[in-house]
Amino acid sequence: MDEAADWLVDSLRLYRDLHAFELPGPTRVLEWTDNQGVYVAGCESQKRNEVLHLLLPPKLCAENQGLCPERDFRMTHGGFSDKPVYNLKHVPETRLLVTSGPPGDSLQVWQVAEDSDMIKAVSTIATHGAKSSLCPKIAVLGSKVPRVLHGARVSDLHITELESQNTLYVSGGSDSEDEISSLQVLDADTFIFCCASGQLGLVDIRQKLGDTKRAASNPGPSGEWWCAALQTSGQRPAPTIASLSSTGQLQLTDLRDLDHPVTTVQCPVSAPSTDWDLLRVTWAPSLDGYLAISGFDGTVEIYDTTSWERNGSCVEPVFIHKGHLFMDGTEKDVLPLVTTHSWHPSKPRTLLSAAVDASLHVWDWMDPCNAR
């Protein structure tokens, strides 16, 4: 049997569930609304891109077991964006979305209609200091008044109130032109950022402008790109940041000491990532110590960080999702690159993943060791 046939046979024991769906176009965003709904949006240039709210396959939500590749996601709302969508965030407890994409001269605010199936653009927010070639990263801060954190560089981070569009915070005391690769909110007043260079920063917006508290880790080797994600739950004494480089290096850093990574390991990626904006590292919200990476090829790799025995070692994934390589059953001249992935908010081993061929998968993987 060829490799695709071998994988298909193996998938019967590798997955509890596996569902496939074909989107109208590729997406870089997978934004959960609850345990059953997710937002996706197209990212192609020179065309109108759809912004969609999808419900997961009913069989998955009903705890159905077994391999089930079928197109049974259900669209509940949709709209169109005149530019590619590279980032999308849902504002909790509202029907609002915020998106960004090239050119990066503005953010788009959307509203999901209550009395129809439309997602409508309702306003734009001008960005400050962002060049047209750069796309601002965005994050939503928890508050009674919806606020969005956005910026393309360390020197132009802003917090804007969505309704009034008043600027509530601007990054001060920094002329850094380092490009932001990741933004993540800790609480209503603090957030972290990661630069493409590998620099990490912690910001408390209660500090007076121009005097915000920041700390930075050592940038990676020249030519490497980095992204990062913060684990806020779990058994560690303090939140832990996972930083991933374009060559597959992974660093774990205690939030209390950003200058000294606790652990550095090497993942066996197939080749260095050619697009740092597609690099993803994410912590499992319901599985302590597990994280996933993608952006190197057509796979998503899952690692158990609690099993890492020594600093500087080469580590092996506990699971690799290869469905984007094999599920359509056709030979490909160019293998599809995974564009993004996301863990289910409450199902411990369920993830969504998307690729450049517009495939969208939701899969529940089996623990090979049955240890958790």
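Taken together, the values in this text are just the output of simple stated rules run on the coordinates, not laboratory data. In this text the structure is predicted, and so the values were computed from the model without any measurement. Positions of Cβ are backbone-derived with ideal geometry, glycine not excepted, and every protein chain shown enters the neighbour counts.
Hey, could you grab the Kirkwood Rh for the range 224-276? Inverse mean 1/r over distinct alpha carbon pairs, Å, one decimal.
Hydrodynamic radius (Kirkwood, Cα pairs) of the range 224-276 is 11.7 Å.
On full extension of the chain, what length is gained from ASP72 through GLU3, given 0.36 nm per residue of separation minus the C-alpha to C-alpha distance?
22.2 nm
Would you tally the net charge around THR27, using a Cβ to Cβ cut-off of less than 15 Å, leaving THR27 out, and scoring K and R as +1, D and E as -1?
Net of charged neighbours comes to -1.
From the helices alone, meaning DSSP H stretches of at least four residues, give me the mean residue ellipticity at 222 nm for the chain, per-run term -39500 (n - 2.57), in deg cm²/dmol to the nearest 500.
One gets -1500 deg cm²/dmol as the mean residue ellipticity at 222 nm.
Evaluate 2.2 N^0.38 Å with N set to the residue count of the range 219-372, then give the Cα radius of gyration divided by it.
1.02
Given contacts defined as C-alpha pairs under 8 Å and at least six residues apart, what's the relative contact order of the chain, whole-number percent?
Relative contact order for the chain comes out at 13 percent.
Calculate the dipole size of the chain relative to its Cα centre from +1 charges on Lys and Arg beta carbons and -1 charges on Asp and Glu beta carbons; express the result in debye to the nearest 20.
Taking the Cα centre of the chain as origin, the dipole is about 760 debye.
Placing +1 on the Cβ of each Lys and Arg and -1 on the Cβ of each Asp and Glu in the chain, which of PRO84, GLY289, LEU200 has its Cα farthest towards the positive end of the resulting dipole?
Of the options given, the answer is LEU200.
Under 5 Å between amide H atoms, partner at least 5 residues away or on a different chain: which partners does LYS83 have, H built in plane at 1.01 Å?
Correct list: ASN49.
Which of LYS47/LYS137; LYS120/LYS347; LYS322/LYS347; LYS47/LYS144; LYS89/LYS347 have a Cα-Cα distance over 28 Å?
Pairs exceeding the cut-off: LYS120/LYS347; LYS47/LYS144.
List the residues of the range 241-280 whose backbone N lies under 12 Å from a point placed 7 Å from the Cα of CYS314 along the Cα-to-Cβ direction.
Only 266-270 pass the distance filter.
In debye, nearest 20, what is the charge dipole magnitude of the range 253-371 about its Cα centre with +1 on Lys and Arg Cβ and -1 on Asp and Glu Cβ, if you could check?
200 debye
Note down the magnitude of the dipole of the range 1-52 about its Cα centre, charges +1 on Lys and Arg C-beta and -1 on Asp and Glu C-beta and zero elsewhere, to the nearest 20 debye.
I would put it at about 240 debye.
When the Karplus curve 6.51 cos²θ - 1.76 cosθ + 1.60 is applied with θ = phi - 60°, which whole-Hz ³J(HN,Hα) does each residue of the range 98-110 get, with x for Gly and Pro?
With the stated coefficients, the range 98-110 comes to 10, 10, 9, x, x, x, x, 8, 6, 9, 10, 9, 10 Hz.
Multiply the residue gap between THR190 and ASN166 by 0.36 nm, knock off their C-alpha separation, and tell me the result in nm, one decimal place.
6.8 nm
What order, most packed first, do the peptides 78-91, 287-300 have when packing is the mean number of other Cβ atoms within 10 Å of each residue?
For the peptides 78-91, 287-300, the packing ranking is 287-300, 78-91.
Suppose each label sits 7 Å from its Cα in the direction of the beta carbon; what would the SER346-THR274 distance come out to in nanometres?
Roughly 4.1 nm, to one decimal.
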